[in-house]
Every structure is written in C-alpha cells, then in structure tokens.
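The next block holds one structure in the form of structure tokens; read it before the comments.
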Ligand code: NDP
C-alpha cells in the first residue's frame, strides 16, 4: 500500500489517476499536483475509493516539487507533466530520496532534441542515494521496450532487426489536433527521421521514407519512418540488434495541415517579436489547438502498436510480431479518455506498480527493457491492454 505523487493533469494523467485508483491494493493514496490546480480537481472529483489530494505546483522548480514531497512523503513520483520537467523533478526526487518514473525523455525547451544522455547522467547519483528511476514507462516508449525484451527472452537466440509500428486509425472529428501534448507532438514529427543500422544512426529528411503496413484489426495504413526515443535505449541494452526503425501512421489531412503550419512558421520554437513582446510560435499554436484530454468524447476507431522482430531461434530464421489494439470509444467509456492517453496511462500505472511491489527493483536510472518482462506482460492485459502474437509473417 503506497502513497504516490502524480505530477501533471492532462490527458495521460487522467488515465493514470483512474488506473491507480482501480489498483488500490498497490496505490493507497494520491497527491495530484500540476500547474493548473483546477485540472487536478476535475480529475480528482471522480475518485471515490482511495484518498486523493490536489495541489498547484510549478514543476520547472525542483524546490517546489521537493516541498510537496517533504510534506506528503510519497514512495514514488509519477511524472506525467511534460518532458521539459523531467530533470527538475528528478532533482527533487534526489534531494528527498524518493523513487521516480516518467513516460517521455527529457528535451530542452529551446531545442527539439530527444536523447537519454541527460537522464542517464543521473545514474550514479540515484544509485548513491539508493533510489530508482524508471524512464519511459508509457506505450512507446514503454510497452514497446517490454515487448522487445519479452520477444528476445522467449523467442530469439539472436535478434537481427526491430521495427516498431504505431498506428492510430482513429477519427476525432477535428480538422487538426494532436493526440498528446501538441507542442511535444509537433516537435517530434517535424524533426529529421533517424534509424539505427550496424552500429550507427542515420538521419533522413522528415517523412521522406514511408510504406504501407497491414495492421491487424485495422488494415493497411501508410507509415512514416520517425526517430523515436526507445530506439536509443533498445540498441544500447540489446546490442545484438543490427537494425532498428520506428514507423508511425499519419493521415493526409494531418500531413497537409502540418506542412502549411511549418511553411508559415507556426511550428518554430525560437522567439519571435510580436507587438512588443517575444512569443514562441509553437507555444501560441498550442494555445489554439484542442487539448488531448478533450478529444475523447466522439473519437472512433482503433490504435494498433507493436514490435516486429526478426532473427534466429535454434538455428532457424524467426519472425515475430507482438501488438496491442485499443479502441478509442471503449477507452472513453471506461476512463473518459481517448486511446493514445489510455495506452500511455496504463503502463505508467503498471510500471509504478512493478516498482512499488518490488517486482522491478534497482538503484540508479533504468529503462524498461532492463527488467524481466514477464511480470509486466502477465499483468498488462488485465489492466486494459491485452497483447497478441503473430509468428512467421512480416508486416513491415
Ligand atoms: P497534456 O498537455 O495533456 O498534459 C500535460 C500536463 O502537464 C498539463 O496538465 C500541464 O499543465 C502540466 N504541466 C506542464 N508544464 C508544467 C509545469 N511546469 N509544472 C507542472 N505541470 C506542468 O499532455 P499529455 O497528458 O498528453 O502527455 C503527458 C506526457 O506523456 C508528456 O510528457 C508526453 O510526451 C508523454 N506521452 C508519452 C507517450 C508514450 O507512449 N510514452 C505517449 C503520449 C504522451 P497545464 O494543464 O497547466 O497546461
């Protein structure tokens, strides 16, 4: 029975809080804190079975987070604010000797650059403090890392290639919206594509490589090669992988809007002079776009996210695909969220539960694939994200 501090009160947090409350034999009390307290209160009002408190916090300031930790004394901090807050929240956890978990790696505000180096640099300090940080415990990164570790453990003597595929075949009825934080989403998809091959990372122009992938329960969808952060940790911790790529689907409507927004400068992240003050165009655009947490109501269709691995088992070639399909409308019925928030929020709760129950333990900073995938795979279906397997067939 554990007390946790959850930071952030957006689309993902709404799911995390409800799922923690469902798992009340592990999560006994929650403090939900975010920049806008009214958003915490709106989530908290539906939670009746365990005590939940709310607070305002600016998580860019480690001292403010540390003060909350000192006062509430949680065993674990679940960070579902934005990647910018990862380091200040890790600093606060270090100062107060509390475990840490997040769902996206740190990126600096002034540079759309995602890599684990900043957070891996905390390893020795976390180790010395005797505490644990679990990085990237969402779906991708997160479940995709566990899928890969599970495939490697059970079905491969050696892995040659890894292709992670992420399809959202849903329709939210808006001309243009993003399924998670608009700023973070647009920074991710407008940067160069990158993949790993034979010990090196290679960059390609954004959206320049694409192919049709036939997703189970969804059908064929055009999928674009993107850089995604889990590739960096997966090739580090499973170094036999020779090639690793990440593919994501986008509709034509989304791509057209994105191109226009880019062309007119609305996705820029450098300050621009406007009526005597400096504004960042992407921050302004975010203020105009729907919040991811509000998209759920009329969302229809499904997501399908999975990992395809090839390699060898017992001297024979092996091809394996493991995936989850999630239905937007079903998610909304259960927790008032769309499937992208849902598929992220469930593994945040479960990754935290792995730590709190001691199934995953360590001192230092860890990625998901460093732990035994079995206890996580045994439970994730029960919490709403069942998984399926296909052998001997290449989808990518
Ligand atoms: P939202 O924009 O819906 O929510 C972000 C929340 O963080 C908001 O409540 C926001 O407050 C709060 N916040 C922002 N800055 C601060 C701050 N300085 N101090 C305190 N709170 C702050 O985003 P999502 O819920 O969609 O995403 C949450 C996280 O999950 C992101 O890091 C995202 O990258 C990650 N993610 C990971 C995925 C995965 O599969 N691994 C997939 C999808 C998302 P306010 O309401 O005031 O703006």
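Taken together, the values in this text are just the output of simple stated rules run on the coordinates, not laboratory data. Here the structure is a predicted model, which means the values were calculated and not measured. Note that we place each Cβ from the backbone using ideal geometry, even for glycine, and neighbour counts take in every protein chain shown.
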> Is the chain rounded, prolate or oblate when judged by the Cα gyration tensor, a ≥ b ≥ c being the square roots of its eigenvalues, rounded requiring a/c under 1.5 and prolate requiring a/b larger than b/c?
Replying inline: rounded
>> Quick check on packing: order 73-84, 173-184, 384-395 by the mean number of other C-beta atoms within 10 Å, highest mean leading.
In response: 73-84, 173-184, 384-395
> So if R0 is 56 Å, what FRET efficiency would residue 222 and residue 70 give, r being the distance between their Cβ atoms, rounded to the nearest 0.05?
Replying inline: 0.65
>> If I model a spin label as a point 7 Å beyond the Cα along the Cα-Cβ vector, how far apart are those points for residue 128 and residue 289 in nm?
In response: 4.0
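Would you work out the relative contact order for segment 1-100, in percent, from Cα pairs under 8 angstrom that are 6 or more residues apart?
Dividing the mean separation by the residue count of segment 1-100 yields 32 percent.
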>> I want the antiparallel fraction of DSSP beta bridges within the chain, as a percent rounded to 5.
In response: 60
> Got the relative contact order for the chain handy, in percent, Cα pairs under 8 Å and 6 or more residues apart?
Replying inline: 21
> What does a probe at residue 254 reach in segment 193-211, counting residues whose amide N is under 20 Å from the point 7 Å along Cα→Cβ?
Replying inline: 193-195, 204-211
